[in-house]
Each structure stands twice: as structure tokens, then as C-alpha cells.
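A short worksheet on the structure shown next.
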Amino acid sequence: MPEHALRIADVAVTYPNGTVALQPTRLDIAAGAFTVLLGPSGAGKSTLLRSMNGLVRPTQGQVLTAEGTPILRALRAHRARTGMVFQQHQLIGRLTALGNVMTGRLGYHSGLRSLWPLSRAEKRLALEALDRVGLLDRALHRADQLSGGQQQRVGIARALAQQPRLILADEPVASLDPATAARVLELLHGICIADGISAVVSLHQIEFARRFADRIIGLAGGEVVFDGPPTALDDDAIARIYGAAALSPQAPEEIFA
Amino acid sequence: MEGILRAEAAARHRTALSALAVVVVCLAALGLTGFFDAQRFAEGIPALVQLTDEMIPPDFTRWRFWLRPLLDTLAMSIAGTALAVVLSLPLALLAAPNISPHPLLLAAARMLLSALRSVPEIIMGIIFVAAVGFGALPGVLALALHSVGMVGKFYAEAIEHADPMPIEAARAAGASPLQVVTHAVLPQVLPQLADVTIYRWEYHFRASAVLGIVGAGGIGFELIAALRLIDYAQVSAILLAILACVVVVDALGSALRKRLK
């Protein structure tokens, strides 16, 4: 197995309106590790994460797979084995939980084939994914009837149904209450470790990053300003990521909220 | 404080002024179309009274001959709707900015839709009667083609307002553009599409009764025949039969739409 799951080769992103979202960045995402992108809103976490499955196209540089192929050259295959978990779940409310999870299998089928129902084996795969997030008994409930935490677990199950080698999670717990957020992150972390899935997770909460990350990449102003294990994330590093004001005791809730 | 009151009064004056403008435009339109010509009304009212008198009681003696035309009209409305749906869906996908593969295709699809919309179905009916002869077929073609313009526009609007987030999620999972449509867009908007379709079917039943007048089959054909014979008792009976069917179709339609909610 190669050392890295993805190689970010001097990727930079400037949006059409002229905003520089990401300065030229070079990173290797370690295989099998739980990597956390940490930083305030607008630091470029989402842009960096979305460049890893081509939802954002770099204006410079490229993202390479473990085998060294640019992901844009075989985008569909890369996306099929890269699960993504979103901040707003991004489920279809009218569909059942199972129906949403099965959309995770789309990348493995042709357009015509996917007009027919999935095979029994694949439905079973989707049900197993739901079982792993503890929602097997909700499989036939409409997604919009589930709670926020349950919806996010369906989002995770959808990613798992892809049988991914890599999971990208964009602020997966930002819209959940702290207790639910901790449980959902614990679930995601546990599954990734157990299955040897590489994970890149963007977060803005320092505490969660310290607790779950194997490696923290700190971003500020579209630039990597910290890269190291959680133990190396000292006051100095936090000041670089969030600015010196983050360390003043008066306003801790702005960072930890 | 005075400033706020002045601004409030000014806003009120502007509203009153626009209301007055609307009233003036409406009165002008009524005047241009001869509505204020009291003499024509004075002469017209006795004629109306006489017509009404001749219409009562309705003459239902030929009802057996209306069953087949009514069935034809119903079939025309369903066939026209089915054809309109099949043609509308691909055009709507091209005319929805979030799905359309190219801005040029988007513009072309929108142009085609509004062109179809702007030709009334009665004109299409006349053209198709000339092309394929009398009967229900030209009626169906006229209904379908005109409706594509309308249905396609409504479909495109529903598709345009689909939530972009599940669409992004499907793309992220490796879905092809076609799969994005079939598995992320359509599942979201299906209730709206069905709603538009059923509403259109109700409309088609009423419209196909009118289309019979230009020779496009159905009950309208019987209606125009009775009118030509100046048999107003039969005209009123046919109108009542159409009304009864419209009520039934509308009730069926709204029951179907309720089930989709």
C-alpha cells in the first residue's frame, strides 16, 4: 500500500470573482490516517477538501491519486471510491434513508443500468451501511422525518455504501448540537479506523480536532499555517490559525462554539 | 419623526396613484372594445333573452350519439397530455439553467418553448386538420404541441428550483450527468411535475371540447353541428353534458393531486 492516499501537488484556487480561496498548497494525505483540516470560516478548508474530489477545479496544480494519476483524468472512478459527508447532509428529503444511501452506488453503474433497481447484494450493502450507523430500523423512513443527527448518520452511511478508500467530510458536525456532534464524529472516526479508510475532515472546533485527529492541518487565509500531530498544536499554532484574539480568555466561545 | 411620517404619506400616495393608473387602463380597454355603447346592449338584450328562451328546456333526446364523442374527447385529453409530457421533459432539462449542458442549448430550448406556447391550440388544430384530416388525431397533436410550451416551462421552473445540495452529493459519489438527473433532480421534483401534468390534463379536457369546433373530433364537433342547425335546445344540452364531464375530470384531477402531496 502506498504511503499516501492523495497528493495535493501545488494546488491553488482562485474563484471567478477574483477571490483567492487557496494559495499554492503541497500536501500528502497519509493513507489510513484521520486528517483534520482546522481553521475559521473562509480559511479555505472547504475549497481544499472539494478540490480532492474535483467538486472544485484547481486553477493551478493538480490532485493525484495514490497511484499518481491526476484525479481529473479518471474523475468518475475516483469519486466512486471517495465518499463525501457534507455539513448540511445533502439528502433528498422525499426519499427514504435507504433510497438516499443507495445513491452512493451510482458511481459504479451506467446511467441506463441505474434506471433499474439495484441488485439484492447492493441493497444489502446499503442496509449494512445503515446498520453500522445504527439506523437499520429507520431504513424505510423518509429522510426529512429524521433528526439532524440521524440525517448526518444517513449521510455517513451513504458514503460507506460507496465502499470508499477515502472519506472527505466537510464540517460534518457544524450544524449539530455539541453532544450529538461528538457522537457523530466518534462514529465516523471509529468506522474509518476500523475499516482502514483514509479520512480528511474539516472542522472549526479545536477540541474535536485534538481529540480525533492523527494529524492536524491548520489553515488561515487560504494558506497552510500549521501541520503536525495534535500534541504540537500549542497556543502559538492556535494564534497562527485563528489570530491572537482567539487566545484571549474573554471570547473562548467564538472558537469552541 | 416628521420625516418618517412624510415618507409614509408619500408611499401611500404612490400606491394610490398606481391604483388609479390601473383603473384608467382598464376603463380605456373597455371603451376601446365598445363596452360603453349603451345602444348595442339595448338591442342585444332582447336577442339574448330569446336565445336563452330557445335553450330551455335542453334537448337530450340525441344523448346516445354523444357518448362516443365524449369518450373521444376524454381520450384526446389523455393522449395529448401523455404526448406533451414525453416531449416536455427533455426540453425542460435543456431549459433549466442548473442542468442544461450549454447556454446555447438553454437559449434554444427556451425559445422553442415560448414559440410553441405562443401559437394557440385552436390555430394548431386548424393546421393539423388541414394536414392529417378531420378527427381526434389533429386534436391530440394540437393539444400536445401547444402544451409542450406551457408544461415544458413549468417543468423547467420546478427543475431550476431543485435543491442543489443533493445534486452536489450525487456528483461527489461519481454520478454521471444522466444519473444526476434521474437520481438527484427528478426524485426531488416529481410531485411538482405530476401536479403540473394533472392540472394540464384537466385543462386539456376543456380545451379539446373547443378543438372539436375546428373539426378536430370529439364532443366539440357535435356542438358546432348543433349550432349550425340553430338548434339551441340541443346546444344547451351538449354544454350541460360537457360541464358534467368537466366537473368529474376536475374532481378526479384534484383527488389525484392531493394523493401526491
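The values are calculated or read from the model by the stated rules, or taken from the named source; none is laboratory data. Bear in mind the structure is a predicted one, so any value in this text is a computation, not a measurement. Methodologically, a virtual Cβ is constructed for each residue, glycine included, from the backbone with ideal geometry; neighbour enumeration extends over all protein chains shown. Quick note on the areas: whole protein, heavy atoms, side chains included, nothing else; ligands and nucleic acids left out. Shrake-Rupley method; radii C 1.70, N 1.55, O 1.52, S 1.80 Å.
Under the classification rounded if a/c is under 1.5, otherwise prolate if a/b is larger than b/c and oblate if not, where does the protein assembly as shown fall, given a ≥ b ≥ c as square roots of the Cα gyration tensor eigenvalues?
prolate
For region B:117-261, what is the Kirkwood estimate of the hydrodynamic radius, computed as the reciprocal of the mean inverse distance between distinct Cα atoms, to one decimal in Å?
For region B:117-261, inverting the mean 1/r across all distinct Cα pairs yields 17.5 Å.
Quick one: helix A:148-161 against the long Cα principal axis of chain A, what's the angle to the nearest 10°, folded into 0 to 90?
70
How far is helix A:120-132 tilted off the main Cα axis of chain A, in degrees rounded to 10, range 0 to 90?
40
Pick from A:Leu135, A:Leu115, A:Leu27: which residue has the top mean-square fluctuation in a GNM of chain A where Cα pairs under 10 Å get a spring?
Among A:Leu135, A:Leu115, A:Leu27, the largest GNM mean-square fluctuation belongs to A:Leu115.
If you add up the charges near A:Asp170, with Lys and Arg at +1 and Asp and Glu at -1, over every other residue whose beta carbon is less than 11 angstrom from its beta carbon, what do you get?
So the surrounding residues net to 0.
Given +1 on the Cβ of Lys and Arg, -1 on the Cβ of Asp and Glu, and no further charges, what dipole in debye does chain B carry about its Cα centre, rounded to the nearest 20?
The dipole magnitude comes to about 460 debye.
What order do B:Trp66, A:Trp116 take when sorted by accessible area (1.4 Å probe), most exposed first?
In descending accessible area the options line up as A:Trp116, B:Trp66.
Just by accessible area at a 1.4 angstrom probe, what is the order of B:Leu94, B:Leu223, A:Leu219 from largest to smallest?
Putting B:Leu94, B:Leu223, A:Leu219 in descending order of accessible area: B:Leu94, B:Leu223, A:Leu219.
Using a Gaussian network model of chain A whose springs link C-alpha atoms within less than 10 Å, name the residue from A:Gly18, A:Gly243, A:Gly99 with the highest mean-square fluctuation.
Of A:Gly18, A:Gly243, A:Gly99, the most mobile in the Gaussian network model is A:Gly18.
For chain B, what is the largest minus smallest coordinate of the Cα atoms on each principal axis, given in angstrom and ordered from greatest to least?
70, 64, 36
Go through A:Leu187, B:Leu252 and list them by solvent-accessible area, largest first, probe radius 1.4 Å.
B:Leu252, A:Leu187
Enter the accessible area of B:Lys258 (Å², nearest 10), with the probe set to 1.4 Å and all protein chains included.
Approximately 150 Å² of B:Lys258 is accessible to the 1.4 Å probe.
Taking chain B as a Gaussian network, Cα atoms linked when under 10 Å apart, which of B:Ala162, B:Ala21, B:Ala175 shows the biggest mean-square fluctuation?
Maximum among the listed residues: B:Ala21.
Provide Rg and Dmax in Å for region A:1-65, with only Cα atoms included in the calculation.
In order Rg, Dmax, the Cα atoms of region A:1-65 give 11.9, 41 Å.
Name the residue farthest towards the positive end of the dipole of region B:8-64 from the options B:Ala38, B:Ala28, B:Val49, assuming +1 on Cβ of Lys and Arg, -1 on Cβ of Asp and Glu, about the Cα centre.
B:Ala28
What is the spread of the Cα atoms of region B:2-55 along each of their three principal axes, largest first, in whole Å?
67, 22, 12
Can you give the local net charge around A:Gln87? Use residues other than it whose beta-carbon is closer than 10 angstrom to its beta-carbon, Lys and Arg +1, Asp and Glu -1.
After counting each charged neighbour, the total is -2.
Using r as the Cβ-Cβ distance of B:Arg6 and B:Ala29, and R0 as 51 Å, what FRET efficiency do you calculate, to the nearest 0.05?
Efficiency, rounded to the nearest 0.05: 0.90.
Find out how many positive minus negative residues lie around B:Gly217, taking Lys and Arg as positive, Asp and Glu as negative, among other residues whose Cβ is under 14 Å from that of B:Gly217.
Summing Lys/Arg as +1 and Asp/Glu as -1 gives -2.
Which value, in Å² and to the nearest 10, is the accessible area of B:Cys245 when all protein chains are kept and the probe is 1.4 Å?
Accessible area of B:Cys245: about 40 Å².
Could you work out, for region B:9-126, what percent of all Cα-Cα pairs fall into each 5 Å distance bin, beginning at 0 Å and stopping at the bin that holds the largest distance?
Reading upward from the zero bin: 2, 8, 7, 8, 8, 9, 11, 14, 14, 9, 6, 3, 1, 0.
So what's the gap between the Cα centers of region A:1-48 and region B:92-110, to the nearest angstrom?
Result: 33 Å between the Cα centres.
Across the residues of A:71-78, average count of Cβ atoms on other protein chains within 10 Å?
For this peptide, the per-residue mean of nearby foreign Cβ atoms is 1.
Quick one: if the Förster radius is 51 Å, what FRET efficiency do B:Asp37 and A:Glu128 give, using the C-beta to C-beta distance and rounding to 0.05?
The pair B:Asp37/A:Glu128 has a calculated efficiency of 0.05.
Pop out the carbon and sulfur fraction of the accessible area of chain B as a percent, whole number, probe 1.4 Å.
Carbon and sulfur atoms account for 74 percent of the accessible area of chain B.
Region A:1-127: Rg/Rh from Cα coordinates, Kirkwood Rh?
Result for region A:1-127 is an Rg/Rh of 1.01.
Ratio to report: Rg/Rh of region A:84-163, with Cα atoms as the point set and Rh obtained by the Kirkwood method; give two decimals.
0.94
Let me check I have the definition right: for chain A, take the eigenvalues of the Cα gyration tensor, multiply each by 5, take square roots. What are those semi-axes in whole Å, largest first?
30, 22, 16
To the nearest 10 degrees, how steep is helix A:178-195 against the longest Cα principal axis of chain A, on a 0 to 90 scale?
70
Cα gyration tensor of region A:149-220, axes a ≥ b ≥ c as square roots of the eigenvalues: rounded (a/c below 1.5), prolate (a/b > b/c) or oblate?
oblate
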